[in-house]
C-alpha cells in the first residue's frame, strides 16, 4: 500500500468516525450526571432530517445546523421532562424516544428522499469533534461546575443535601447530550452522506452508547474507542472493495460484531465497570423523601 | 446580642401518612450545646432539615440572630452561618477528600487558599486529613472528620450534628466531644440531635424532647437522669429485658474455623480467619463500627455471596460454607439481613407474597412449583397476630408498613419457622422503641427454647442487653469472644478501634 | 406560565384502579395529540380520526387484518414480559423473530415439495428453537461476561437481518425467482391454515392465545412467575430467597426468544409463504410498546396488541387517503409509550400542578 492510499484511508476513517464521537461524548455527559438516555439513535435521526429539510428549504447551512440542534434540545427536553419531572423509567423512556424519533424522521423526510444537496466540507466538524472532547474533559476535571456534574452522577442524595439542584444539573446534561446527538445526525445528512435516507444512522446511536461503556465514562477514551470502530468499519469496506471473495453481508456485520466483542472485553471486568460507572446511573431521584 | 441565637416558633410539617412536626417551639441559647432528644420517628430529622433548607415547613417561623430566617436551600443556610453534619454522610464515595471539600463550600476559593485553610482547621481542631484520598478508602470516623472540616471551612455560628456518634467507637466519641468543646469555647452554638440519653447528660446544657412530632419539654438540664429522660422521651416505662444464662446447653451448634474470603474490591472488606463457636440456646453478638466487614460476614453466613470462601463453617458437624441460602434454610437456619425494604422483604409485594421469600422444610407453601395461596395467607395472618404487626391485613403491600411493623413481620416470619439457628443483623435499626423492645424480647424467648442466635449490630447497648457472649469485628478480623457480663465498655471500645486481643 | 411541574403525594397503597386506567388514559391522550397534529397538517380532525381509527376496521376484511397484525405483536410482547418482569431489557425481539423465521422457514424450504401433517409443527418447533437460540446469546453474555443485554440484543438484530439478507440473495435464493431477493415458496403443508375462507387471519392466532394463557398461568400461579417478579423488583431479595438468578435470566430469554421466533415463523408461513428481506414491519420493536401498554399483564397485552395493530392499519389508510407517510404509525406508537410512561406515576402518587421549579 503506498502512502497516498494510506492517507486516503485515514481521511475516510476521520470522516466516518466523527458522528460517533459527537453522539458518544454527548451521551457521556448525560450519563455522567446519572441519567441513561437510550434515545441516541432517535435523536440522531431527527437531527439528521431536520438539518436536511431546513437546508433544502432555506439553503442556509447555518440555519440547518441551528434547527437540527434545536430539534435535539426539544427531543431530549421531552425525555428530560418524563424522567426528571414525571420520574418515568429511564430505559423505557429512552426506547420510546428512539421509536418516536425513527417514526418522526421517516415521516418528515419522506418527500425528501433522493433530493440532491451540495455536501459541506467535513473537516471543520472533524476538528470540532476533537475540540469538544477536549473541552468536556477540561470541564469535568478542571472546573467546579464539572465537579458538581460528576457529584450529581455519583450521589444525588448527597448533592441534594449540599444544596445542589439535581434536576437542573441533570437537565443540562440531558440537553447537552441531545444537542450533540442532533449535531451527529446533521453531520451525517449534510456532510457525510450527503443525503436523506430512512434509518440512515444504521445503529450508530447504539454503537455510541456502547462506546461510553468502552470509554469507562472517561471523555478522552471516547476518541480511542470511536476510532477503533471507525477503523474496523472502513477496513471491512476496503476489504470488500479489494474483492475478497466473501459475501458482503458478513463484512457489514463487522461493526455490530465488534461492538459486542468490545462490550464483552470491557464488561467482563465487573469491578472496573462498577468503579467507573456513575454510581447513581438510571436511579431516579425523589426529592423530599 | 440577645441570649437566644435561634428561636423556633410553631413549626408544623406533615407528610401524606404522618404529621412529622406539630407546633414545635423552642429556643436555643447562644454558646450552648442544645440537645434535641427523641426516639426514631419523633420528628427530629424533619425539624433540622427545615432549619437547613432541605424541607419547607407548612407553618411557623424561625428567628436566627434576631432576624427572620427563610432559607430555601442549604447554601443559603450556610451563608447565614448555619452548618450541618449529616447522620448518613453527604459525601461522594469515589471522589477525593479535596473534591468533597470543594463541593461543600459556596465561595470560590483558590487551590492554595483551600489547602492553607484546611491545614489551619486540621491543626486547630486536631482533625488531620489526607486531601488526595478517595472517600471510599476512609473509615467512618475519618469520613465524619471530612464532614466536620467541610462545615468549619464556612465558619458557622450554629452547628447542627445529626446523630453523630452512631457510627463511632467509644474512643472516637470522646475525641468528637473534645472537638465540640473546642468549638464551644470559640463561642459557637451546637444543636445536638440524638436518641442516646447518656450523651445528653454528658455533653449538653439544655434539652428539647420531641415525641410524636411534639415538644414534650424544653429546659435546662438539671437533676435529669437517664431514667427520667427515657420516660419523657418514650412516654412510658418499658420493662427491663433480662438475659437468661441457665438455658444454654453445652452442645456446639455452629462452629466457624478460619473462615476467610478475599474480594479484591475497594468497596468490600476482606474477611480473615473468622473463628467462633455458638452453643445451643446461646445469643452471640458481633459488635463493631460500620464498614469493618459486617455485611460481608453476614453474606458468608447466609450464603448470599460465597465465591472464594475458605475455612470451615460447621453446622451440626456439616460444613455448610458452600451452601446456598436455600440449602441452609433446608437445615433450619433462618436469616434476617439489615435492610428490610428490598432485602428481607419486597416492598412492592403484599405481606402474603413476602411469606414466600423464605421457605423451610416444614412450610407448605407450594406444590411442584404451584403456589398454595391459601397457606401463605394463613401463615401471614399468623405472623401478624403473634407479633402484633399493625397493618390492615395480609393483602397490604410491605411498603405501606412502618419500619418497626415490617421488621416485626420479617422477624416473626423467620421465628415461626422454628429455626435451630437464627442469624440476624441490626435487628432494631431505625425503628421505634416499642417495636425495639418487642423484638429484643422475642429473640430472648427464642433462645430460651434452644435456638442459637447470632446478632450483628453496631448498637452496643443492644448487644449488652440481649447477648450472652460477644466478639468485636475490626477490619475483617473477629476478636476472641467475651462473656457479656464481664467485659467493660471501654474494652469493647478499644477492640472496636482496632486494639489486638491480649 | 402554564403549570407543568407536578407535585406528588404518595398513596399509601398503589391504586389498582389507576393501574388499570393508566393505559386507557395514555391511549386517549395519544388520540387527542394525534388530532392536533392532523389539524396542524390541515386535515379535518373527524375525517382524519375516522380514516385512521375507524375505517380500517369497518368490515370483516379489516377485522381480519387487525388480527393478523395483532397476532405477532401479542405473542412477542407476552414473551418480552418474561424479560421485562425480571428487569431484563431484551430489545432484540426483531432479531429473534428473524432467526425464528430463518430456522422454521428453512425447514419449510427443505420440505417444500413434501406434504404431511408434520411439516408445519416441525417448522413451528424450528421457529421456537431459532428464536430461543438467538435470545440465549445476550443471556449467556450477560451471565458470563456481565455485558449489557440492551446493547447486545440490539446488535444481534442487525446481525440477524444480515444473515437473512445473505440467505435470500445467496444459498436459499429461489432458483426460478429471476433476481428477486426471495426464496422459493413453502409447500401447502408448510403454511398456517386459514381460519376463514377469503380472510388472511390464520392459525397463528390460536398459538398466540395459547401462549398468552400459558404465560398468565405462569405469572400468577407458579413459583417461576413469583421468582421472576421478585428478582425484577429486588435482586437482593431474590438472592436472600436463594433463587438462582442466572437460571432466571436464561429462562426469561428462552421464553422471550422462542415466542418471538414462533411469531416470525407465523409471519412467513402465514401471510407470506416464503422468506424475503422485509418479513417484519418492526414487530419486534413495536411489541416492546405492546408489552408496556399491556402493563406486562398477558390479558392487558391482548388489548394492547389490538390497539397498536390498529396504528399499523390506520397508517396504511392514512397513506392511501391522506397522502401521509405510513411512518406516522410509528409516531403514534412512540406517543402512546410517552404518555404511558408519563402517567404511570398516577399509580403510586396523587398529583397537583405548580409552575415554579
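The values are calculated or read from the model by the stated rules, or taken from the named source; none is laboratory data. Please read these numbers as outputs of a predicted model, since none were measured by experiment. When we count neighbours, we look across all protein chains shown, and the Cβ atoms used for this are built from the backbone with ideal geometry, even at glycine.
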Of all the helices (runs of 4 or more DSSP H) wholly in the stretch A:6-123, which have at least 1 residues that are within 12 Å of chain C (Cβ to nearest Cβ) and free of Cβ contacts under 8 Å to residues at least 40 places away in the same chain? A:61-80, A:90-109
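Would the stretch C:66-80 turn up any residue that is without any contact (Cβ under 8 Å) to a residue 24 or more places away in the chain and either out of contact with any helix residue (DSSP H, G or I) (no Cβ under 8 Å at 6 or more places or on another chain) or surrounded by fewer than 24 Cβ atoms within 10 Å (Cβ to Cβ) (or both)? It would help to see each step written out before you state the result.
Restricting attention to the stretch C:66-80, the residues satisfying the condition of being without any contact (Cβ under 8 Å) to a residue 24 or more places away in the chain are none.
The answer is no; no qualifying residue exists.
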Enumeration of residues in the stretch B:228-243 that are in a helix (DSSP H, G or I) and exposed (fewer than 13 other Cβ atoms within 10 Å of the Cβ): B:228
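Sort through C:15, C:60, C:55 and tell me the only one that's within 14 Å of chain B (Cβ to nearest Cβ) and surrounded by fewer than 19 Cβ atoms within 10 Å (Cβ to Cβ). Break it down into steps so the answer makes sense when it comes.
Working: C:60 fails: within 14 Å of chain B (Cβ to nearest Cβ); C:55 fails: within 14 Å of chain B (Cβ to nearest Cβ).
The conditions single out C:15.
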Take the residues of the stretch A:230-271 that are more than 27 Å from residue C:167 (Cβ to Cβ) and loosely packed, with under 13 Cβ neighbours inside 10 Å: which is farthest from the other protein chains (Cβ to nearest Cβ)? A:265
Would a scan of the stretch C:178-190 turn up a residue that is without any contact (Cβ under 8 Å) to a residue 12 or more places away in the chain and at positive phi? yes
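Restricting attention to the stretch C:20-29, and to residues there that are more than 12 Å from every other protein chain (Cβ to nearest Cβ) and closer than 17 Å to residue C:350 by Cβ, which single residue is surrounded by the fewest Cβ atoms within 10 Å (Cβ to Cβ)? Show your work before the answer.
In the first step, residues of the stretch C:20-29 are kept if they are more than 12 Å from every other protein chain (Cβ to nearest Cβ); the result is C:20-21, C:23-25, C:27-29.
Filter again for closer than 17 Å to residue C:350 by Cβ, leaving C:20-21, C:25.
Details: C:20: 13, C:21: 15, C:25: 16.
The qualifying residue surrounded by the fewest Cβ atoms within 10 Å (Cβ to Cβ) is C:20.
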Pick out the one residue from C:177, C:187, C:170 that is over 22 Å from the mean Cα position of the chain (by Cα) and facing chain A (nearest Cβ under 9 Å). C:170
Hey, does the stretch B:244-261 have a residue that's at pLDDT 90 or above, surrounded by 13 or more Cβ atoms within 10 Å (Cβ to Cβ) and under 30 Å from residue A:276 (Cα atoms)? yes
Would you confirm, using the coordinates I've provided, whether residue C:201 is within 14 Å of another protein chain (Cβ to nearest Cβ) and buried (at least 22 other Cβ atoms within 10 Å of the Cβ)? no
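Return yes when residue C:346 is at pLDDT below 90, in contact with a helix residue (DSSP H, G or I) (Cβ under 7 Å, 6 or more places away or on another chain) and more than 8 Å from chain A (Cβ to nearest Cβ) and no when it is not.
On the way: at pLDDT below 90: yes; in contact with a helix residue (DSSP H, G or I) (Cβ under 7 Å, 6 or more places away or on another chain): yes; more than 8 Å from chain A (Cβ to nearest Cβ): yes.
Yes.
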Which of the numbered conditions does residue A:126 fail, given that it passes all the others? Conditions: (1) in contact (Cβ under 8 Å) with a residue 12 or more places away in the chain; (2) within 20 Å of residue A:277 (Cβ to Cβ). (2)
Would you point out the residue of the stretch C:314-330, among those that are free of Cβ contacts under 8 Å to residues at least 12 places away in the same chain and in a helix (DSSP H, G or I), that is farthest from the other protein chains (Cβ to nearest Cβ)? C:320
Counted residues, the stretch A:192-216 - those being surrounded by fewer than 20 Cβ atoms within 10 Å (Cβ to Cβ) and within 22 Å of residue A:272 (Cα to Cα): 1
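Please work out if residue B:324 is touching a residue at least 24 places away in the same chain (Cβ under 8 Å), more than 25 Å from the chain's Cα centre (by Cα) and in the same structural domain as residue B:272 (by TED's automatic domain parsing).
On the way: touching a residue at least 24 places away in the same chain (Cβ under 8 Å): no; more than 25 Å from the chain's Cα centre (by Cα): yes; in the same structural domain as residue B:272 (by TED's automatic domain parsing): yes.
No, not satisfied.
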Can you tell me how many residues in the stretch C:164-190 are buried (at least 17 other Cβ atoms within 10 Å of the Cβ) and either in a helix (DSSP H, G or I) or out of contact with any strand residue (DSSP E or B) (no Cβ under 8 Å at 6 or more places or on another chain) (or both)? 13
Mind checking which residues of the stretch C:232-259 are over 15 Å from residue B:366 (Cβ atoms) and at the interface with another protein chain (Cβ under 10 Å from one of its Cβ atoms)? C:232, C:233, C:234, C:235, C:236, C:237, C:238, C:239, C:240, C:244
Would the stretch B:276-284 turn up any residue that is under 22 Å from the mean Cα position of the chain (by Cα), buried (at least 16 other Cβ atoms within 10 Å of the Cβ), part of a helix (DSSP H, G or I) and away from every other protein chain (no Cβ under 14 Å)? no
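When you go through B:230, B:140 one by one, which is the residue that is at pLDDT below 85 and touching a helix residue (DSSP H, G or I) at 6+ places or on another chain (Cβ under 7 Å)? Walk me through how you get there before you give the answer.
Values: B:140 fails: touching a helix residue (DSSP H, G or I) at 6+ places or on another chain (Cβ under 7 Å).
It is B:230.
For the stretch C:208-273, give me every one of the helices (runs of 4 or more DSSP H) that falls completely inside it and has 3 or more residues that are over 20 Å from the mean Cα position of the chain (by Cα) and over 21 Å from residue B:326 (Cα atoms). First the steps, then the outcome.
Numbers: elements: C:223-233, C:235-241, C:245-267.
No helices (runs of 4 or more DSSP H) qualify here.
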Tell me the residue from A:70, A:135 that is surrounded by fewer than 19 Cβ atoms within 10 Å (Cβ to Cβ), closer than 25 Å to residue B:97 by Cα and under 19 Å from the mean Cα position of the chain (by Cα), please. A:135
